[in-house]
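Below: one structure, written as structure tokens.
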Amino acid sequence: MINLLIIILFITLNFANDGEGPLFTNIMSITDYFHGDPIQINTQAIDADGINEVLLYYRFSSNEDYQSIKMNQEINYTITIPAFEVTSNNIEYYFLASDVFDNQRTFPENAPDNSFNSSIINDLSKYEIDLIEPLNNSNIENISIIILSIYGV
């Protein structure tokens, strides 16, 4: 009888479907996106049942349909959109993940109607980038200082 309870408990714990799709944590890019450069997009997704796949849906114009691409799992889920596709001033994207029981969730919620939107810098001539140097004859030991001033006109 105890062996039967152990088997039932084992099956219940290992094969239980929680009925919920994966949970996401957004990872905002700390770099700007530039026209003609590849775009790397990352996210984190977890699910107690195990993740089957995470897809990125993206488009460069609201007049286009979303394209999808399967994300690679490294530490996080990541994908790089090739440079030749980056031809616009804007990218809209969202994530869709499914667990091993095919429970799905989009991120952000209510996507694609509510998707992430990021600008792509198309013309660098609108920006002024200056290197600000430390004062002449200043006494700085064992410290490297680089200060950039970026100004959009």
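None of the figures in this text is laboratory data; all of them are computed from the coordinates on show. Just so you know, these numbers come straight off a predicted model, no measurement behind them. We place every Cβ from the backbone using ideal geometry, glycine too, and count neighbours over all the protein chains shown.
Placing a pseudo-label 7 Å from each Cα along the Cα-to-Cβ vector at Thr78 and Gln40 gives an inter-label distance of 0.4 nm. How much net charge surrounds Gln67 when only the other residues with a Cβ under 10 Å from the Cβ of Gln67 are counted, with Lys and Arg +1 and Asp and Glu -1? Result for the local shell: -2. Summarising the amide proton neighbourhood of Tyr33: residues at separation of 5 or more, or on other chains, whose placed amide H is nearer than 5 Å comprise Ile121.
Computed from backbone phi, the HN-Hα couplings of segment 82-94 come to x, 4, 5, 7, 8, 10, 10, 9, 7, 9, 10, 7, 8 Hz, rounded to whole numbers (Karplus: 6.51 cos²θ - 1.76 cosθ + 1.60, θ = phi - 60°; Gly and Pro given as x).
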